Amino acid sequence: MNIIFVEPSFPANQRRFVHALASVGANVYGIGESDEAHLGDEVLGALRGYYRVGSVTNVDQMIEAVRYFQGKVWIDALEATVEAHTMPAAQVREACGIPGTSVRTTWLCRDKPSMKEALRQAGVPTAASAAVDSADEARAFAEREGYPLILKPRAGAGAQGTVRVDSDHDLEQALQGYAREGASSIAIEEFVEGHEGFYDTISLDGRVVHDWATHYYPNVLEAMRHRWISPQFVTTNRIDEPGNAFYAEVRDLGRRVIEALGIETSATHMEWFYGPKGLKFSEIGARPPGVGAWDVYSAANEVDVYREWAHVITHRAPEQQMKRTYAAGIVALRPDRDGSVTGYSGIDEIQSRYGEWVIDGHFPPVGHGTQAVEAGYMANAWVRLRHPDFDTVRAMLDDVGRTIRMHAG
């Protein structure tokens, strides 16, 4: 099978997808923005060919690159795993006659108001929402639905650009901020109270062949606002337990989402909230999750999830089933202030307590510049752990967050 992969070297984990495809026997052709000399021997060794473009989001340049490869071999698929690359990839597929996720499906997964309207029509509970093109429309929505509300870019990824507003004053401040950034249209929705998590799958012809349920502690907006929080997400190994009504409902709604949005053979990422109003689905992506979630899933199940994705794409069948051996998660460690790293404390203590359960960790060296709290879970230091018991791994991650200190000055 001949597969074009978009941007094989950046971000760094893109290389995992390339190697996975090659490992299951696919002929992989890369299109990216980096000079070929900067790809490295491992990536180049996994590629049958490479075409450099000025921008992988420029559809005309991408079409030119794809047609170059089509002039040499039959191209069976074109894969893109970064949110910002999914729409150009879908447009190029349709222009070049390559099967895969459609422009319509990609649009529904990118444009938040359209996404939520499609979900509501399919009977999937979701927050009240709208696309607003003016401050008056935003004020009218606020008057109709009440506070608190969430504002976000229509095609943003994750919590990027997301703002909670609790009053008319907050709304005006947020609208002014979006106006300064040149946003002509934004998504506005009711704030859904409750615990937040995500449901990820790999689907084949619209049928889920692998899935994972994962929990945030605390919810993302709270985690990205406060330096003192060491946020975590943890994937459960209880999803297959008989009689677990919650995960059964998550799975049922996830399958309805896939059908409603027309997702066929693809990785998916679905955010959800569970609270007083029940289970509601939020953001949907026809792509893998970010922040190393597949690494956590691989460690939890003792299965290479990247290879499983590649096997489904290439051979149209899973190679292994998930073992659910462990629950596993990551805890983000924030510096005590912005600046440069001056050192760490508590690492040896944690290693002595939980060494056998540590998957890996990342500690930027002394002198390395810190990143802002809102930059995300892997922006600074982090530790990943696994354990057969979900509650135990949660307690260990809490202990890591309390014990290890990242000092900056």
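Residue count for segment 256-269 under the criterion of being within 17 Å of Thr214 (Cβ to Cβ) and not in a strand (DSSP E or B): the result is 1. Restricting segment 1-15 to residues that are touching a residue at least 40 places away in the same chain (Cβ under 8 Å) and of a type in the set (A, V, I, L, M, F, W, C), the residue that is nearest to Gly32 (Cα to Cα) is Val6. When Arg225 is tested against (1) in contact (Cβ under 8 Å) with a residue 60 or more places away in the chain; (2) closer than 30 Å to Ala310 by Cα; (3) basic (Lys, Arg), just one condition goes unmet, and that condition is (2).
A residue that is under 17 Å from the mean Cα position of the chain (by Cα) and surrounded by fewer than 19 Cβ atoms within 10 Å (Cβ to Cβ) occurs somewhere in segment 138-153. Among the residues making up segment 217-240, those that are in a loop (DSSP other than H, G, I, E, B), modelled with pLDDT of 95 or more and not hydrophobic (A, V, I, L, M, F, W, C) are Pro218, Ser230, Pro231, Thr236, Asn237, Arg238, Asp240.
Condition check: among the hydrophobic types (A, V, I, L, M, F, W, C), touching a residue at least 40 places away in the same chain (Cβ under 8 Å) and part of a helix (DSSP H, G or I). Does Leu385 satisfy that? No: the conditions fail for Leu385.
For Pro276, the test of being of a type outside the set (A, V, I, L, M, F, W, C) and under 23 Å from Pro88 (Cα atoms) is failed.
Has segment 359-379 got any residue that is outside the structural domain of Asn237 (by TED's automatic domain parsing), among the hydrophobic types (A, V, I, L, M, F, W, C), more than 30 Å from Leu78 (Cα to Cα) and in contact with a His (Cβ under 6 Å, 6 or more places away or on another chain)? Let's see the steps before the verdict.
Looking only at segment 359-379, we keep the residues that are outside the structural domain of Asn237 (by TED's automatic domain parsing), and these are 359-379.
Then keep just the ones that are among the hydrophobic types (A, V, I, L, M, F, W, C); that gives 359, 363, 366, 372-373, 375, 378-379.
Now drop any that are not more than 30 Å from Leu78 (Cα to Cα), which leaves 359, 363, 366, 372-373.
So of that shortlist, the ones also in contact with a His (Cβ under 6 Å, 6 or more places away or on another chain) come out as none.
No, that holds for no residue.
Total residues in segment 304-331 satisfying the condition of being of a type in the set (A, V, I, L, M) and surrounded by fewer than 23 Cβ atoms within 10 Å (Cβ to Cβ): the figure is 3.
Going through (1) surrounded by fewer than 14 Cβ atoms within 10 Å (Cβ to Cβ); (2) within 25 Å of the chain's Cα centre (by Cα) one by one, Gly367 falls short only on (2). All of Ala135, Ala65, Ala122, Ala140 fail the test of being touching a helix residue (DSSP H, G or I) at 6+ places or on another chain (Cβ under 6 Å), over 23 Å from His269 (Cβ atoms) and not assigned by TED's automatic domain parsing to the domain that holds Glu283, apart from Ala135. Of all residues in segment 169-191, those that are touching a helix residue (DSSP H, G or I) at 6+ places or on another chain (Cβ under 6 Å) and either within 18 Å of Glu283 (Cα to Cα) or outside the structural domain of Tyr147 (by TED's automatic domain parsing) (or both) total 4.
Among the residues making up segment 234-284, those that are buried (at least 23 other Cβ atoms within 10 Å of the Cβ) and of a type in the set (Phe, Trp, Tyr) are Trp272, Phe281.
The values are calculated or read from the model by the stated rules, or taken from the named source; none is laboratory data. Remember, predicted model here, so these are calculated numbers, not experimental data. Every residue, glycine among them, receives a Cβ derived from its backbone with ideal geometry; neighbour counts consider all protein chains shown.
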